[in-house]
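A.B. asks: First the structure, which I've put down as structure tokens, then a few questions once you've had a look.
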Amino acid sequence: MEAICKKVFLKELFKHKKLILAPNNGQKVVANSTDVFNFWIDPWFSREKYKQRQKRSVETPVRVYEITEDVSFDEIFASFENKLTDYCLTQSQIIDFCQQYSKYLRKGGYESYFLFKEDYQFFLAYVYVYSDGLEINSISLKSSCVLDKEDELRLILPKID
């Protein structure tokens, strides 16, 4: 595993799987993806400025990590080696991951997180998997919540070489 952070808060899962998001034109936004997030979409995604076309993306390998310590997002991301934007996915890429690789999302009522950037601010989309569909919510990266290692939460990030 490459050293994505200076401290060990994350454990890579599914190391031998190639999880690759295809290039996309950025036209998909979460607010319009009721076919993917058919259980619930946080109304935050419906704000007009977040329903705009996203930037195009290139083919992007991604990795799935389990959060292994009681830690805040601030502690996790402050420990990363690269700049924060390197770890962001677009709304379109988050949608694509949930469509193509939903079996790698955390189940049992626990979250899987994705870092993204909108309007010069960083956010985390978090997805729940239910027997009858997916739910997506959003929180600011500035959130002070502490994640519980016992929950085995997941963080999905682009692979950084």
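The values are calculated or read from the model by the stated rules, or taken from the named source; none is laboratory data. Here the structure is a predicted model, which is why all the values come from computation and not from measurement. Backbone-built Cβ (ideal geometry, glycine too); neighbour counts: all protein chains shown.
A.B. asks: Just checking, which of 92, 102, 79 is at pLDDT below 90, over 16 Å from residue 139 (Cα atoms) and of a type in the set (Ser, Thr, Tyr)?
C.D. replies: Criteria check complete, one pass: 79.
A.B. asks: Here is a follow-up. Output the number of residues of the range 62-85 satisfying the condition of being in contact with a Pro (Cβ under 7 Å, 6 or more places away or on another chain) and over 17 Å from residue 112 (Cβ atoms).
C.D. replies: Final tally of qualifying residues: 0.
Every residue, every condition in (1) over 16 Å from residue 122 (Cα atoms); (2) in contact with a helix residue (DSSP H, G or I) (Cβ under 9 Å, 6 or more places away or on another chain); (3) outside any strand (DSSP E or B); (4) without any contact (Cβ under 8 Å) to a residue 60 or more places away in the chain, yes or no:
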site: 27; (1), (2), (3), (4): yes, yes, yes, no
site: 34; (1), (2), (3), (4): yes, no, yes, yes
site: 38; (1), (2), (3), (4): yes, no, yes, no
site: 45; (1), (2), (3), (4): no, yes, yes, no
site: 52; (1), (2), (3), (4): yes, no, yes, yes
site: 64; (1), (2), (3), (4): yes, yes, no, no
site: 75; (1), (2), (3), (4): no, no, yes, no
site: 86; (1), (2), (3), (4): no, no, yes, no
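A.B. asks: Which condition does residue 149 not pass, out of (1) farther than 25 Å from residue 20 by Cα; (2) surrounded by fewer than 13 Cβ atoms within 10 Å (Cβ to Cβ), if it passes all the others?
C.D. replies: Single failed check for residue 149: (2).
A.B. asks: Follow-up. Failed condition for residue 134, given (1) under 11 Å from the mean Cα position of the chain (by Cα); (2) part of a strand (DSSP E or B), with all others met?
C.D. replies: Here residue 134 meets the rest and fails (1).
A.B. asks: To continue, here is another question. List, please: which pairs have Cβ atoms under 6 Å, are six or more places apart or on different chains, and start with a residue in the range 126-149 that is touching a residue at least 40 places away in the same chain (Cβ under 8 Å) and farther than 21 Å from residue 29 by Cβ and end with one that is of a type in the set (A, V, I, L, M) and buried (at least 16 other Cβ atoms within 10 Å of the Cβ)?
C.D. replies: So the pair list comes out as 147/67; 147/71; 147/153.
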